[in-house]
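Shown next, in structure tokens, is the structure this report addresses.
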Amino acid sequence: MNLQLTPEGRLKHLLTIDGLPRHLLIELLDTAQSLSNIALRANKKLPLLRGRTVMNLFFEASTRTRTTFALAAERLSADVVNIDVSTSSTSKGESLLDTLATLHAMHCDMFVVRHADSGAAHFIAEHAPEGVSVLNAGDGRHAHPTQALLDVYTIRRHKPDFSALTVAIVGDVMHSRVARSELLALGTLRVGELRVVGPRTLIPPGLEEMGVRVCTDMAEGVAGADVIIMLRLQRERMRGAFLPSEGEYYRRYGLTPERLKLAKPDCIVMHPGPMNRGVEIASEVADGPHSVILEQVSNGLAVRMAVMAHILGAQVPVMEAA
Amino acid sequence: MNLQLTPEGRLKHLLTIDGLPRHLLIELLDTAQSLSNIALRANKKLPLLRGRTVMNLFFEASTRTRTTFALAAERLSADVVNIDVSTSSTSKGESLLDTLATLHAMHCDMFVVRHADSGAAHFIAEHAPEGVSVLNAGDGRHAHPTQALLDVYTIRRHKPDFSALTVAIVGDVMHSRVARSELLALGTLRVGELRVVGPRTLIPPGLEEMGVRVCTDMAEGVAGADVIIMLRLQRERMRGAFLPSEGEYYRRYGLTPERLKLAKPDCIVMHPGPMNRGVEIASEVADGPHSVILEQVSNGLAVRMAVMAHILGAQVPVMEAA
Amino acid sequence: MNLQLTPEGRLKHLLTIDGLPRHLLIELLDTAQSLSNIALRANKKLPLLRGRTVMNLFFEASTRTRTTFALAAERLSADVVNIDVSTSSTSKGESLLDTLATLHAMHCDMFVVRHADSGAAHFIAEHAPEGVSVLNAGDGRHAHPTQALLDVYTIRRHKPDFSALTVAIVGDVMHSRVARSELLALGTLRVGELRVVGPRTLIPPGLEEMGVRVCTDMAEGVAGADVIIMLRLQRERMRGAFLPSEGEYYRRYGLTPERLKLAKPDCIVMHPGPMNRGVEIASEVADGPHSVILEQVSNGLAVRMAVMAHILGAQVPVMEAA
């Protein structure tokens with residue numbers, strides 16, 4: 001946990017939201033706010049990371065996530081190298097540590113890592129040489145910290161007073177690194193009421209003790225909510241004992257226009273994407289006035305730029321809206 | 001059609017040659033002329049699109065075409081992101097519109113799109129948000145407008161007076177987006193005589209009414225021509241009823257040195273590549289003094305730079321030859 | 001051979017170490033020395049190749065090698081285009097020469113080529129137009145000149161007086177383009193004693209006549225050595241008649257701590273990577289104080305930058321250590 005902080009309390013790596021001090025989290029959101037305005041300008045580049053190299057090290061393919069990190073780095077003027085490790089020389093029988101040591105020797109400044117195994121980003125950060133930072137872009141079921149940051153950033157733009165909010169996270173919380181990181185971020189920001197909603201088999205034990213309200217009934221879960229965060233249903237879970245069927249899941253937990261009426265009138269609806277329309281969310285809701293789903297994508301760029309700039313020690317100027 | 005023009009009559013998207021005003025087409029060729037000189041300098045970069053982002057969105061793989069668009073954008077100092085959609089999250093069951101909306105939310109300025117379905121570029125342009133331009137890099141059998149522009153640009157460099165020219169397009173016109181776009185561009189530039197040459201089964205109906213001369217005999221088709229444009233033969237057509245065999249096709253429509261002698265003595269020979277030597281064109285002709293096939297590739301870069309700069313509103317300086 | 005030199009004796013291409021004059025080789029090492037210091041700065045970029053285009057043309061996949069060349073070019077501010085030819089339009093039946101001619105027409109300045117066939121880089125250089133340079137990144141069993149340059153550069157940083165050195169190259173010399181290039185470079189730099197060590201079946205004939213000492217016994221091979229270069233064992237050789245088994249190979253030629261004790265006390269151990277730990281080298285040796293294996297990777301960047309800058313005629317400033 002403390003691995004990701006310098007002795008002075010700044011971010012060295014971003015591996016998890018767990019243990020991230022509240023003031024640091026807020027500083028990152030403020031920096032993202034400043035950076036979000038440049039995406040609307042014709043010239044989207046800032047010279048903050050000129051001459052730095054960011055390596056996208058994706059052990060698990062994700063074109064979309066890799067693209068947002070690459071764009072974030074390029075807009076800060078960094079050089080970007082994409083390495084798809086599944087096709088690289090690990091297949092030649094080389095160990096992960098040897099691959100990493102080799103990549104480190106190329107003097108990159110930051111590794112953006114995505115891996116199917118929980119703990120992979122920590123492992124890689126532990127073995128990184130002095131001066132190299134690791135940014136977790138999703139590791140197994142463990143953490144997806146930049147997704148959580150962009151989510152709380154999106155919430156704050158609409159509803160700045162977290163203490164007054166009721167936030168409901170709906171779906172397969174058990175297997176979701178997104179939900180895990182969101183719960184931690186929303187807890188750190190002292191959200192008024194935090195709920196998880198889903199079938200009992202998909203809710204990890206022990207959440208009640210952390211002050212989270214667990215609802216197995218969707219109507220109860222979204223009633224009076226200010227923010228509803230829908231999780232992506234991993235269809236492969238359907239085949240196991242966890243879930244009955246897509247139709248049955250939608251009938252019980254799908255976010256329909258009718259259910260959305262139970263929430264606050266100005267409730268916002270979020271989803272990390274990609275969506276399964278008609279499985280976890282109705283199209284009318286996904287495309288409706290409460291949805292901020294595409295705004296999340298735009299905010300993801302600003303938040304990733306903020307994290308990269310903070311970690312690499314760049315001074316981000318305060319920027320006014322255009 | 002008008003989708004691609006702003007109310008002021010400038011290009012917003014480039015989807016098709018159809019409906020493109022003559023003066024605009026000529027302006028693009030003039031801009032390309034100005035830009036073509038920088039490819040010969042040691043420093044090939046112009047800062048015209050600095051801070052802009054161009055996304056290559058290829059639903060149909062084409063390393064060569066993608067590379068020319070990427071090089072064109074980089075030489076204008078834009079940032080380039082390559083997305084091979086066949087390997088991206090559309091495979092996760094996401095709809096095309098959701099994928100597009102997500103990519104739009106990343107605030108790119110231009111999408112270069114290639115797709116196997118006719119009309120895909122139009123569809124994507126219709127759903128693009130304000131301020132985002134779409135450049136058609138080939139959609140199904142419909143259009144390939146930058147190929148047509150580079151072809152007429154190449155012709156103009158050799159033979160500036162279009163009204164005096166006889167141009168013959170030879171091959172599978174029916175299934176060729178290149179031919180369709182060339183016919184429109186040459187018509188707009190008021191070429192003296194326009195011919196298509198090939199087996200009746202591969203000539204679309206209705207061309208005669210458009211003033212195009214249809215020749216099923218190769219000798220007649222190339223007789224007295226100033227320009228011969230050979231189309232690539234899609235070998236998969238061979239298996240259907242359309243064509244007899246490669247040997248038979250070459251015997252009837254292959255451009256041999258003997259047939260080339262029927263054309264004007266200073267006739268130029270073009271091909272969009274990649275060539276099937278010995279099927280649609282003899283090697284002696286492809287590599288001979290009449291061939292401008294490689295010049296077409298070089299000109300493709302200048303033309304694509306011109307289109308990008310025009311669409312994104314950059315002021316292209318008039319540049320002298322080095 | 002002379003294909004790679006200009007009439008003035010400067011490098012035009014880098015295809016092989018064979019025939020490279022000693023003073024030129026030393027000039028490249030000196031330039032690399034100057035450039036190596038910038039990798040340690042926060043801003044790693046030099047504007048030496050701004051506006052130039054380097055195309056990575058890999059007919060044989062190698063993420064690692066391609067990445068080092070891409071990083072080297074980017075740190076010199078060149079634009080980089082990666083082309084994986086196995087997936088490109090050569091599959092559409094186009095000939096290699098047509099593919100090359102098309103790529104040349106895009107006005108790139110340098111092609112970095114890797115190919116499974118010996119002689120491929122020469123062939124490509126022979127067919128390159130005026131003003132286009134070819135850099136061999138490994139062709140079949142023939143040559144891997146930048147690997148040899150980075151190896152002698154690494155040796156020189158530790159042991160500047162080549163005439164006093166005993167260097168042993170251990171392993172499958174017969175099938176190794178790395179070994180072939182290293183033998184030439186070390187010969188040109190007039191190393192005191194040059195040895196190859198391995199089973200007789202994996203040592204090419206005729207080395208003794210070139211002044212190389214051939215040792216089939218590992219103890220004899222490493223005795224008193226200043227530098228030991230381990231080659232990667234191609235596991236696919238194991239299946240043929242060449243080698244008994246991995247265990248047997250390690251027992252006879254693996255570099256163990258015990259065997260390393262036979263070398264000079266300040267002996268350095270090298271390996272081009274990726275390593276087969278427990279096959280050609282013991283982990284204690286690979287990670288031990290004598291190993292300079294990761295330094296080789298870092299030096300590879302500086303050497304590749306030096307070669308690119310030299311070939312493209314950039315004036316490299318003398319840089320002090322940070």
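Details
- Count of residues meeting criterion [within 14 Å of chain A (Cβ to nearest Cβ) and over 21 Å from the mean Cα position of the chain (by Cα)] in the stretch C:214-236: 1
- Residues in the stretch A:1-47 that are acidic (D, E) and touching a strand residue (DSSP E or B) at 6+ places or on another chain (Cβ under 6 Å): 0 in all.
- Filtered residue count, the stretch B:159-177, keeping only those that are closer than 18 Å to B:L25 by Cβ and in a loop (DSSP other than H, G, I, E, B): 4
- Among the residues of the stretch B:104-112, at least one is out of contact with any Ser or Thr (no Cβ under 7 Å at 6 or more places or on another chain) and at pLDDT 95 or above.
- Residue in the stretch A:77-93 that is away from chain C (no Cβ under 11 Å), modelled with pLDDT of 95 or more and farther than 20 Å from B:A101 by Cα present: no
- Scanning the stretch C:18-58 for residues that are among the aromatic types (F, W, Y) and more than 14 Å from chain A (Cβ to nearest Cβ) yields a count of 0.
One line per residue, one yes/no per condition, for (1) in the same structural domain as C:S176 (by TED's automatic domain parsing); (2) small (G, A, S); (3) in contact with a Pro (Cβ under 6 Å, 6 or more places away or on another chain):
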{"site": "C:K261", "(1), (2), (3)": "yes, no, no"}
{"site": "C:P265", "(1), (2), (3)": "yes, no, no"}
{"site": "C:S283", "(1), (2), (3)": "yes, yes, no"}
{"site": "C:P289", "(1), (2), (3)": "yes, no, no"}
{"site": "C:R304", "(1), (2), (3)": "no, no, no"}
{"site": "C:V316", "(1), (2), (3)": "no, no, no"}
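- Qualifying residue in the stretch B:48-66 (condition: basic (K, R), within 28 Å of B:T102 (Cβ to Cβ) and in contact with a strand residue (DSSP E or B) (Cβ under 6 Å, 6 or more places away or on another chain)): yes
- In the condition set (1) surrounded by 15 or more Cβ atoms within 10 Å (Cβ to Cβ); (2) in contact with a Lys or Arg (Cβ under 7 Å, 6 or more places away or on another chain), C:A179 is compliant with all but (2).
- Hits in the stretch C:271-322 - residues which are under 14 Å from the mean Cα position of the chain (by Cα) and basic (K, R): C:R304
- Every listed requirement among (1) of a type in the set (S, T, Y); (2) over 17 Å from C:V134 (Cα atoms); (3) buried (at least 16 other Cβ atoms within 10 Å of the Cβ); (4) within 14 Å of another protein chain (Cβ to nearest Cβ) is met by C:T68 save one, (2).
- When residues in the stretch C:1-33 are screened for being over 19 Å from the mean Cα position of the chain (by Cα) and in a helix (DSSP H, G or I), 2 of them pass.
- A:E60 being without any contact (Cβ under 8 Å) to a residue 40 or more places away in the chain, of a type outside the set (G, A, S), surrounded by fewer than 20 Cβ atoms within 10 Å (Cβ to Cβ) and in a loop (DSSP other than H, G, I, E, B): no
- Residue-level check: of (1) surrounded by fewer than 20 Cβ atoms within 10 Å (Cβ to Cβ); (2) farther than 27 Å from B:D84 by Cα, A:L35 misses just (1).
- Residues (closer than 22 Å to A:T67 by Cβ, within 14 Å of chain C (Cβ to nearest Cβ) and part of a loop (DSSP other than H, G, I, E, B)) located in the stretch A:107-125: A:C108, A:D109
- Subset of the stretch B:63-87 (residues that are without any contact (Cβ under 8 Å) to a residue 40 or more places away in the chain and either of a type in the set (S, T, Y) or part of a loop (DSSP other than H, G, I, E, B) (or both)): B:T63, B:T67, B:S77, B:S86, B:T87
- Qualifying position, being more than 21 Å from A:L301 (Cα to Cα), crowded, with 22+ Cβ neighbours inside 10 Å and touching a helix residue (DSSP H, G or I) at 6+ places or on another chain (Cβ under 8 Å), among A:T16, A:T102: A:T102
- Some residue of the stretch B:265-275 being within 21 Å of B:R64 (Cβ to Cβ), more than 14 Å from chain C (Cβ to nearest Cβ) and either hydroxyl-bearing (S, T, Y) or in contact with a helix residue (DSSP H, G or I) (Cβ under 8 Å, 6 or more places away or on another chain) (or both): yes
- Test result for A:L149, surrounded by fewer than 24 Cβ atoms within 10 Å (Cβ to Cβ), hydrophobic (A, V, I, L, M, F, W, C) and assigned to a helix (DSSP H, G or I): no
- Qualifying residue in the stretch A:19-30 (condition: out of contact with any Gly (no Cβ under 6 Å at 6 or more places or on another chain) and at pLDDT below 95): yes
- Among the criteria (1) of a type outside the set (S, T, Y); (2) touching a strand residue (DSSP E or B) at 6+ places or on another chain (Cβ under 6 Å); (3) under 16 Å from A:P272 (Cα atoms), the one A:Q234 does not fulfil is (2).
- Matching residues, the stretch B:178-192, being in contact (Cβ under 8 Å) with a residue 40 or more places away in the chain and not in a loop (DSSP other than H, G, I, E, B): B:V178, B:A179, B:S181, B:E182, B:L184, B:A185, B:T188
The values are calculated or read from the model by the stated rules, or taken from the named source; none is laboratory data. In this text, all values refer to a predicted model and were calculated from it rather than measured experimentally. Positions of Cβ are generated from backbone atoms using ideal geometry, with glycine treated the same way; all protein chains shown enter the neighbour counts.
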